[in-house]
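Structure first, then comments.
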Amino acid sequence: MIPTQLRTRLEQHVAAAVTSREAAVQVMKELQGHYGWLTDEAVGEAAQLLGLSPLQVEELATFYEMIYRRPVGKRVVHVCDSISCWAMGGESLLAQLAAHLGIGPGETTGDGMFTLLPCCCLGNCGESPTMMIGDNLYGWLTLEKAVEILQQESRSMME
Amino acid sequence: MSLQKGFMPKLIIDNIAVEVAEGVTVLEAAQSVGIHIPHFCWHPALGKAGACRVCAVKMVDGPVKGIQMSCMLPAQDGMVVSTTDQEAMAMRRQVIEWLMINHPHDCPVCDEGGECQLQDYTIAGGHGLRSYTGKKRTHINQYLGPHIEHEMNRCIQCYRCVRFYQEFAGGTDFGVMGSAGRIYYGRVEGGQLESPFSGNLVDICPTGVFTDKTARFRARYWDYDMAPSVCPHCSLGCNTVPAARYRELLKIVARRNDAVNGWFICDKGRFTNSVVNDPARPRYPLVDGRKVGWDEALDNLLLRIREFGAVHGPESLAIVGSSRLAMEAATLLYRLFAGIAAGSLCYFTLEEEADQARAAITHLNDATSASMGDVQEADLIALVDCDLLQDGPMMALAVRQAWRKGAKIFLVENDVAPEAQKGLPFEWQSVSLLSDIPIREARKPVIICGRGKGMQDVAPALTSGVKLAYLLGGPNAFGAALLSAGHGATTLAQAVASGKVKGILAVEVDIPPELLQGISFIAALDWRATAIVKAAHIVLPTTAWVEMDGTYINNEGRAQRFKKVMHPGLPIMGLDPAGHPPRRHETAPPGGEPRPAWQVVADIIERTGTERDVQPLSGQWQWLRHLDAESPGQRIWQNMKQVK
Amino acid sequence: MSVINDTKAIVIGMWTTWKHIFRRPVTLQYPEEKRIPYPRYRARIVLTRDPDGGERCVACYLCSAACPVDCISMQSAATEEGRRYALWFRINFSRCIFCGLCAEACPTMAIQMTPDFEICNRDIMNLVYEKEDLLIDGCGKSPEYNFYHHAGIGVTQRRGAGLEEKPPVDVRSLMP
Amino acid sequence: MFDPIDIAITLGKILLVFMVIMTMAAYLVLAERKLLGYIQDRIGPNRVGPFGIWQPLADAIKLFTKEDFKPAGADKWLFYLAPAMAAIPAIMIFAVIPFGAPLTLFGRQVTMQVSDLNVGLLLFVAFSSIAVYGVALGGWASNSKYALLGSIRGLAQLISYEISMGLSLVPVVMLARSFQLSEIVGAQEGCWFIVYQPLAFIIFMISILAECKRVPFDIPEAEGEIVAGYHTEYSGMRFSLFFVGEYINIVVLGGLAATFFLGGWHGPFLPPVLWFFIKVLAVAFLFIWIRGTLPRMRYDQLMMFCWKVLTPLALLNILATAWFILLKG
């Protein structure tokens, strides 16, 4: 069950939208924020809020790559693997980060801190290679810089 | 693009000049002159999606040039199209090749094999050998209920299923999930598909993702006994093609008829095969439960009728037909009635059904009768006393199409409504009275009328331009009503109430037990093991609709011919305990005794000695004999002057 | 001159036949002497089994469709685990012309021709072979082939565990 | 007037000749099948007895026990008569053929000939003409299109080749100055007529090939075109009469060829009867050999060959012979 406050907010949001599907991404994001990832329960709740069937919510949830339908760590590291970043060493960055964290792409570290995901273009080609953690975008990456950012993130989580 | 009204673009496709209406795609323009362009995602009922890329053509000249998807491109003036251009053919071949990259190549164990669009285009497209060496993507299947088998590995991502299921039919529990290489068509969790039109996924899938589970692993397309037929499960008369093999009805698929059912049929019509294959069906003529030959049974029937006449008087005998009796037999009933001087002739059992059918033949004429095609084009639809999903599910689909185009749907509150409103695939406004609906403001209003008291309100609402559709009781209810009115017949309920009925000759009719009290003699002609067949003294087995030629007149007064699909008889399946078919030669199939009802009635008439060589559909019904089963059918008013 | 040519032709012909009188006949005295046919000889048809012993036939109806004399009939069915097989399978050898089109059409290598050509019989019903009569314990030709390992439907193995297959996709996976 | 011993001897000769001819005809069938087999690198019949020698017996049993079938609408009497008309004249001809040197038996001179008619050659021509009726009536009476076509063809062919055959024999008569076959044989004691008359011999051989309706002149039977021609509708015993008649014809015509051109029973070292049989069998072998080699002629080619080639040649040959005899005095 979600807090009444969140529910009310989402209901208002849905009511303000022209069609309920328009509000779907927002609702799913908020629910994801609440649960950490979009659980099956959250899908049901989203469907209820949006007046859609669970399947129709699921269609949208599985389509967007930043809606997580599987458990993730506290921080999700999206490493861009699109063409510009790839050309600038994004591929080896991902591999090195994976080696550093001791996990494969798509996996979560043992302490539940980081989930490493390759992703499509982050729209930051000018600063490639690039990655995104949460809502923060990092460019001009090298392995050292990336590791440092991860440590920062990890520290900020501790606090 | 020209916005001139009635502008007709002219283009040239493969050196053939084509002139089509504005907005028609190049693919359709080509089809109109008999040039077939391969396509998966495009479907005439669903339109375009541009998902499969297989309808590529080369635009040689005109406003667009180069390789284009013909299903996405509206025909424009001055286009010169080549479907056989090397470049286009190469494109199509390569598209097929990559559509086949993940295909499991399991055609031998796929029920679609032999009737598979993907198979046809793969062969025709020139992709014969697999050169891709990578691994194939796989999926886990879902259980989609007892009727539909799911095999996701065969999917080519054309989106036809989801476009039909959600957009066309309004289902919400099935859809497409994921993106890119993970696309999955299914439900959130396995389970029965909720839409009453889910069976059409089988027809619409161009490959074997959805196959008919009821006919799973039974036969191949080339082995089917098939013929154009008409669905007998409600009064709408949807066009079907039943497929049978080894005297067993395996499956039923939809047959296109734009005026009636369009491209689809409902699940009730598709998956109700068991009544035909029922082992308990009457297969042999029975006299007092004893198997006899036809001659003996008919002689015995005549003898019993005479004895009965001697004891109770011939006027105590009622001849009862029904709304599921085909026109052939129904038209002969009056001659039988006259031949044996019976007391009552009934085409309906209950008063309510008769009233409704009577209302239909009274109010409907060529101008006022709404076909399902008309319903789809309507801009205002009023539902009066309807249980759409029960009495005519395809009508609900037709209403949805109108609703999708912006029609307003009104539902008159009534006593039928509460549970019937559930699951209707469209949105409506409830009103308490038919007169509350602004019918006069609509351009193409249609009233759809079911059973119930609301019927009486319809007549006052009929003004010019309003079309009317009834949901009647059986596939030939309209025809039965015409005959009933023509011969001044009563209903069985009335006849029994008057107290003079002592014996019943039941011709393919279900009679509730309360009407059978005090009846001393029952003879039944039927192909279903109904209660009255079990109670009858003499049983004459008749053929099911798939086992004979016949004619039904549907709810809008459209006469439609159905053809014999299979021979009557016990299915080979299960005939021999050893597993295989019997190892002996026989000239006739076991259990193949049933005869068409009209033939049995004709035999009885001939034995009464009044007539010889009795043929069905004579006199004013003669025109029905020439009805083409593959035509869209004919409305009665164009052919019969006597009918008002 | 044509008369000379014609006469010559006749004489040459007569000489040729004369020579053949003294040739060794090619005839084999069949019941006493038997010719051993080549392994690819097309005679009695059998149904073979997978290397792991399962019936190869999936009752796909392709052989009966290919048969020009309609001598093959069958009924397909499914086992509990979803394996498609022939509930019954019948070849009427009194009709069969041993053309081999069925074996050619067979996608699972189930139906194969053997060199056993001596199946004559006095009672024609004895020439109607049922599945029990046709099924042999062995693979015949192509001993290593197993259709179910190639067709991605997961009957003899988990789905996605066949040859040339990736494990099943998880639609809710985090990976793009 | 009639010496009983004479009558007995004659009856004995008739019986002997009949038995021998029937046996020869039967074994000729086997010989033909065997020989054709060898020519075609096969073995031929070898199942009934060693080397298939009882095959004719088996054939006879088969033919005797077969259903005697008469087609609907056939002319009953003619249908039954025709096979006999084909076989009997062929046997009758043998009555005039001398098959050996006269013997002295019981103090009597016994000619190895059933009847030494002074018009023996004419009798042969007459009887071989009667044999035409068997073909004509058999085909007509069958009420079948194939049989009728076959008999029409046969009629035309037999009548035509009768003429060339008759004409080819005229020089023989001129040389022997007799129609009596014993005298014709006698005239060849020193030198066979084949030496004087090679052309007449060839014409005669070709003509008797056609008379026997054998390949390459078997168009009345032509299996490939008209099933079996005039005897299509016959079965069992009646068919076998036609069939055996053909082989009797071979024996008889072989005997005649020997008589007219090959010195009859004359020959060194071996007994005369044996010489005669050797010659007959040589002709029969030639027939079979030809059958194993040549294809069937076309109908028009056949007729043209007779009327435009053989008959004029035979006439020229007569003129040349006459001129020669006149010159020689």
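Residues of the stretch B:573-619 that are among the hydroxyl-bearing types (Ser, Thr, Tyr) and outside any loop (DSSP other than H, G, I, E, B): B:THR608 alone. Within 27 Å of C:SER73 (Cβ to Cβ), crowded, with 24+ Cβ neighbours inside 10 Å, within 14 Å of chain C (Cβ to nearest Cβ) and in contact with a Leu (Cβ under 7 Å, 6 or more places away or on another chain), is that true of B:ALA219? The answer is no for B:ALA219. For the condition outside the structural domain of B:GLY262 (by TED's automatic domain parsing) and surrounded by fewer than 19 Cβ atoms within 10 Å (Cβ to Cβ), B:GLY114 does not qualify.
What do you reckon, is C:SER64 within 14 Å of chain B (Cβ to nearest Cβ), within 30 Å of B:HIS580 (Cβ to Cβ), in contact with a Ser or Thr (Cβ under 7 Å, 6 or more places away or on another chain) and part of a strand (DSSP E or B)? Against the criterion (within 14 Å of chain B (Cβ to nearest Cβ), within 30 Å of B:HIS580 (Cβ to Cβ), in contact with a Ser or Thr (Cβ under 7 Å, 6 or more places away or on another chain) and part of a strand (DSSP E or B)), C:SER64 does not qualify.
Taking the listed residues C:VAL3, C:VAL11, the one that is in a helix (DSSP H, G or I), at pLDDT below 90 and either away from chain B (no Cβ under 13 Å) or within 26 Å of the chain's Cα centre (by Cα) (or both) is C:VAL3, with no other qualifying. Where strands (runs of 3 or more DSSP E) fall wholly inside the stretch A:95-147, the ranges with 1 or more residues that are farther than 20 Å from A:SER82 by Cα are A:114-119. Criterion applied to A:GLY89, A:GLY134 was being under 15 Å from the mean Cα position of the chain (by Cα) and surrounded by fewer than 17 Cβ atoms within 10 Å (Cβ to Cβ), and the one residue passing it is A:GLY134. With respect to the conditions (1) among the β-branched types (Val, Ile, Thr); (2) surrounded by fewer than 20 Cβ atoms within 10 Å (Cβ to Cβ); (3) in contact with a Lys or Arg (Cβ under 9 Å, 6 or more places away or on another chain); (4) more than 9 Å from every other protein chain (Cβ to nearest Cβ), C:THR79 falls short on a single one, namely (3). Scanning the stretch C:117-176 for residues being part of a helix (DSSP H, G or I), surrounded by 13 or more Cβ atoms within 10 Å (Cβ to Cβ) and within 8 Å of chain B (Cβ to nearest Cβ) gives a total of 3. For first residues located in the stretch C:26-37 and facing another protein chain (nearest Cβ under 10 Å) and farther than 13 Å from C:GLU118 by Cα, partners that are assigned to a loop (DSSP other than H, G, I, E, B) and charged (D, E, K, R) and lie 6+ apart or on another chain with Cβ distances below 6 Å form the pairs C:VAL26/D:ASP41; C:THR27/D:ARG42; C:LEU28/C:ARG35. Checked against (1) surrounded by 15 or more Cβ atoms within 10 Å (Cβ to Cβ); (2) assigned to a helix (DSSP H, G or I); (3) within 14 Å of chain C (Cβ to nearest Cβ), D:MET24 meets all criteria but (3). Highlighted here are the helices (runs of 4 or more DSSP H) found entirely within the stretch D:250-329 that include at least 3 residues which are free of Cβ contacts under 8 Å to residues at least 24 places away in the same chain and more than 14 Å from chain C (Cβ to nearest Cβ): D:272-293, D:311-328. Look at (1) of a type in the set (Val, Ile, Thr); (2) free of Cβ contacts under 8 Å to residues at least 24 places away in the same chain; (3) within 14 Å of chain B (Cβ to nearest Cβ) and you find that A:VAL27 fails only one, number (3). In the stretch D:60-81 there is at least one residue that is of a type outside the set (Val, Ile, Thr), at pLDDT 85 or above and crowded, with 19+ Cβ neighbours inside 10 Å. Only one of the listed residues (B:ILE156, B:ILE148) is farther than 27 Å from B:THR272 by Cα and not small (Gly, Ala, Ser). That residue is B:ILE156. With respect to being of a type in the set (A, V, I, L, M, F, W, C), in contact with a Leu (Cβ under 9 Å, 6 or more places away or on another chain) and within 14 Å of chain B (Cβ to nearest Cβ), A:LEU52 fits the description. Determine, yes or no, whether D:PRO45 is part of a helix (DSSP H, G or I) and without any contact (Cβ under 8 Å) to a residue 60 or more places away in the chain. No: the conditions fail for D:PRO45. Taken residue by residue, the stretch B:562-569 has no member that is among the hydrophobic types (A, V, I, L, M, F, W, C), surrounded by fewer than 24 Cβ atoms within 10 Å (Cβ to Cβ) and in contact (Cβ under 8 Å) with a residue 40 or more places away in the chain. Scanning the stretch B:163-174 for residues that are within 10 Å of another protein chain (Cβ to nearest Cβ) and either surrounded by fewer than 23 Cβ atoms within 10 Å (Cβ to Cβ) or within 26 Å of C:ALA151 (Cα to Cα) (or both) yields B:GLN166, B:THR172, B:ASP173.
Scan B:GLY170, B:GLY126 and give me the residue that is part of a loop (DSSP other than H, G, I, E, B), more than 21 Å from C:LYS166 (Cα to Cα) and more than 33 Å from the chain's Cα centre (by Cα).
B:GLY126
Screening B:ARG281 against (1) within 21 Å of the chain's Cα centre (by Cα); (2) closer than 30 Å to B:PRO146 by Cα; (3) surrounded by 18 or more Cβ atoms within 10 Å (Cβ to Cβ) leaves a single unmet condition, (1). The set of residues from the stretch B:531-562 being over 23 Å from the mean Cα position of the chain (by Cα) and not small (Gly, Ala, Ser) comprises B:ILE532, B:VAL533, B:LYS534, B:HIS537, B:ILE538, B:VAL539, B:LEU540, B:PRO541. Give me the residue from the stretch B:145-158 that is surrounded by 21 or more Cβ atoms within 10 Å (Cβ to Cβ) and more than 22 Å from the chain's Cα centre (by Cα) and, out of that set, nearest to the other protein chains (Cβ to nearest Cβ). Ranking the qualifying residues of the stretch B:145-158, first place goes to B:ASN153. So for the stretch A:61-77 (the condition being touching a Phe, Trp or Tyr at 6+ places or on another chain (Cβ under 8 Å), within 14 Å of chain C (Cβ to nearest Cβ), part of a strand (DSSP E or B) and among the hydrophobic types (A, V, I, L, M, F, W, C)), does at least one residue qualify? Taking every residue of the stretch A:61-77 in turn, at least one turns out to be touching a Phe, Trp or Tyr at 6+ places or on another chain (Cβ under 8 Å), within 14 Å of chain C (Cβ to nearest Cβ), part of a strand (DSSP E or B) and among the hydrophobic types (A, V, I, L, M, F, W, C). As a summary of the residue check, B:ASP111 satisfies the conditions (1) over 29 Å from C:CYS106 (Cβ atoms); (2) in contact with a Lys or Arg (Cβ under 7 Å, 6 or more places away or on another chain) except for the one numbered (1). Restricting the first member to the stretch D:69-91 and to residues that are farther than 14 Å from D:VAL135 by Cα, and the second to residues that are of a type outside the set (Gly, Ala, Ser) and outside any helix (DSSP H, G or I), the beta-carbon pairs closer than 6 Å and six or more apart or on different chains are D:PRO71/D:ASN143; D:PRO71/D:GLU233; D:GLY73/D:ASN143; D:ALA74/D:ASN143. C:ALA103 fulfils the conditions (1) in a loop (DSSP other than H, G, I, E, B); (2) at pLDDT 90 or above; (3) surrounded by 11 or more Cβ atoms within 10 Å (Cβ to Cβ) except for a single criterion, (1). Would the stretch B:53-70 turn up any residue that is hydroxyl-bearing (Ser, Thr, Tyr), part of a helix (DSSP H, G or I) and not assigned by TED's automatic domain parsing to the domain that holds B:ALA398? Taking every residue of the stretch B:53-70 in turn, none turns out to be hydroxyl-bearing (Ser, Thr, Tyr), part of a helix (DSSP H, G or I) and not assigned by TED's automatic domain parsing to the domain that holds B:ALA398.
The values are calculated or read from the model by the stated rules, or taken from the named source; none is laboratory data. If you're wondering where the values come from, they're calculated on a predicted model, not measured in any experiment. Neighbour counts are summed over all protein chains in view; Cβ atoms, including those assigned to glycine, are modelled from backbone coordinates with ideal geometry.
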